[in-house]
1. Taking 0.36 nm per residue of sequence separation and subtracting the Cα-Cα distance, how much length would be gained by fully extending the chain between residue 571 and residue 17, in nm to one decimal?
2. What number in nm² do you get for region 223-266 if you take the convex hull of its Cα atoms and divide its surface by four?
3. If you look for lysine pairs in region 154-273 that are eight or more places apart or on different chains, how many of them have Cα atoms under 16 Å apart?
4. Give the residue list of chymotrypsin sites (Phe, Trp or Tyr not before Pro) in region 712-794 that are DSSP loop and have at most 16 other beta-carbon atoms within 10 angstrom.
5. Given 0.36 nm per residue, what is the gain on full extension from residue 160 to residue 107 after removing their alpha carbon distance, in nm?
6. What percentage of all Cα-Cα pairs in region 1-75 are separated by more than 17 Å?
7. At 1.4 Å probe size, with every protein chain present, just tell me what the per residue accessible area of region 10-145 comes to in Å².
8. Sequence gap at least 6, Cα distance under 8 Å: using those rules, report the relative contact order of region 295-386 to the nearest whole percent.
Amino acid sequence: MNEKALRTLEFNKIIDILASLAGSSMGKDLCRNLKPSNDIDEIRKGQEETTDALSRLFRKGSCSFRGVYDIRPSLKRLEIGASLSAKELLQVASVLDTSLRVRSYGISAENEEDIGEDSLSYYFSSLEPLSFIKKEITRCIIGENEIADDASPGLKHIRRSINNAHNKIQEQLNKIMIAASNKNILQDNIITMRGGRYCLPVKQEYRSHLPGMIHDQSSTGSTVFIEPMAIVKLNNEIKELTLKEQEEIERILASLSNMVSEYTDTIATNLRTLVLLDYIFAKANLSKTMKGVEPEFNEDRIIDIKKARHPLIDPKVVVPINISLGEDFNMLIITGPNTGGKTVSLKTVGLFTLMGQAGLHIPASQGSRLGIFDEVYADIGDEQSIEQSLSTFSSHMTNIVSILENANYNSLVLFDELGAGTDPTEGAALAMSILDYCHNKDIRTMATTHYSELKVYALSTPRVSNAACEFDITTLRPTYRLLIGVPGKSNAFAISKRLGLSDAIINNAQEKIDSEDKSFEELLADLENKRIAIEKAEEEIKEHKKEIERLRASLEAKHKEIEHNKKRILDAAKEEARNLLQEAKDYADETIKKYNKWSNSSGFNKEMEKERGELRNKLSKLTPKNTIGEERQPRKKHKASDFHLGDDVYVISLGLNGIVTSLPNEKGDLFVQMGILSSKVNISDLELVKEPSNKASKSAQVRTGKLKMSKVSTISPEINLIGKRVDQALVDLDKYLDDAYLSHLKEVRIIHGKGTGALRDAVHSHLRKSKYVKSYRLGEFGEGDAGVTIAEFK
């Protein structure tokens, strides 16, 4: 792309913003060198990387690259066998540490979100942190000018010796300072350093009283700094140890450098990958900042941008515009008043094309499309006002000549105020000729103008379309909306009138306009009024649609609420039914206990009849008077002669089935055996149960009754629940416990197996809730161990 277009369309400002979002200096340099490409594969690759990085930003958050240093010179030095300084080694460690952090960021995002590989997965997986090198460097080097004592045993020993020598010197000097004979000769009771050796400040007149070497004197000459003879040897020892310390440090740095030099290729690859990822995530952060999207690219030179927002205009005030070019028309001529947004529209198309071809997202809506162009040419002035642009006609024309010489089929050409700056008649004719030249070469072209002749040109030329920047006459303010297919008006008369120009002058000006021009302007005004009316109608339709959507949503919400309430009511009813059944079961269990008790005592019939009456009353209270959807069949009245020994009957008051064991007396009373319970019942409280179609003999019926009565006496002392689901097993267990308890078994054996323990836990939970289970335990050795539970009845 030509540099002039990049500057004119302010692509360099976008690059500056992009570079500021990179974390490393090398990443910033890569951003600054970004240029648009015309290779569609390269463009799509860049867009895909930006999209994938943006997706990771939204899922995982930001990824920092601030630990990436430019260590390329250091790696070059290692290749020729040189040693690195402590600072350089720390920078290498920082790059390796960043490699580990960035790799973890990339891989953890894929694992946590359970997503497949994307275009960045290879970069993350190719990073080799070499953690052992980083750990060794940071273990030995504390700071740029500080090596750790534990970097080597030799260094630790040397530094310990230096500290001992320092302590001895301190002791010697302290003795000299506190000596009575030296109190008057010292200028201050302090220990100072001169030339790396310990000294004492001595008054000039007493310099001969303290034997030693003079190293310095004060600026006034009143104080000399003397190294006492008693510590000269110790100072020399410190000097020697310091030299040894420096040699050991150099040896340590050389050792670390040798270790790093074995992996220079890997470290260089890590560095290149980190810089590339820094650059890619800078593009993603730019997209996130300006709410950009990945455009769809085509090689048909079609531009269709939806709700485009110029990225250099304040997002709070920018007005989104829709722009299309290349599908229904190849040339777009934009007209309208000054400061109405014509030039911004041109720059938006040009800048979006450059950004898209550079792999950057554009601030627009999803589904926006961009064509691929070899070059973008722009002749755009800087001033956006009613006054003449700062560029002169000749400079504009020089630029246009250059554009026409270089533009071709794969170029995008943008003209701002084409033909302005000269005689309007000649300028309009020249502008039409230039547009004809571009149109004949099928060059995608956009131009802004105030000339009415160009509006007519657009209306009369195939595949050329008008566009207008909307202007509100009532407020004298542009709306910055771009209306494609409609020629715009300059609105000079309306603006002048609103600003206070007299009607006489305006009327006189209108009379001077050619009748054809006047008719054309009236036609434009009529078209504008019709467009406004259509837009209002469309807005009303949209509002109606929104209202319909609101009503539909409200109905759906009410429907969901009704379904929810229905479920809640049904759940409450089921819960109430369960409670009623449980209460009836508990009452029956208690009644059975009493029957068992009464069967062993006198007055059995009397107490039993009393309890029976209470049970009948209880059931009548629990039984609903009216049941929706259920009508009880009228009960047939039976005579005493209808009942025979062994007949199956239903006791209405108790809701139990039984067998007739005696014939009715004169009052119609007879005895009915219901399990282990034998009760005296009147025939008015009985219903005969329908007999099978193939009736057996009376003796067979009696035997059947006896078998039913004896069922409880033949119940097994154990139940096997293995292989059953928990819910089915609990139903079978509950029935078995009832039968076992009625059979007067003292304990039962429940086989549930070991398995996962879920069935065993469910059995134990059920036994805990049972009112007639006294205790339970797991089976012992020989009883089935943990696969069996022994339950004891009360």
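The values are calculated or read from the model by the stated rules, or taken from the named source; none is laboratory data. This is a predicted model, so every value here is computed, not measured. Virtual Cβ from ideal backbone geometry, glycine too; neighbours counted across all protein chains shown. In case anyone asks, the SASA skips ligands and DNA or RNA and just uses the protein heavy atoms, side chains included. Shrake-Rupley method; radii C 1.70, N 1.55, O 1.52, S 1.80 Å.
1. Once the chain is fully extended between residue 571 and residue 17, it gains 193.4 nm.
2. Mean projected area for region 223-266: 4.8 nm², to one decimal.
3. Number of lysine pairs found: 5.
4. Numbers: sites: 736, 741, 772, 776, 781, 793; in loops: 772, 781.
Passing sites in region 712-794 are 772, 781.
5. 14.5 nm
6. Of the Cα pairs, 61 percent sit more than 17 Å apart.
7. With all protein chains present, region 10-145 gives 50 Å² per residue.
8. RCO, region 295-386: 46 percent.
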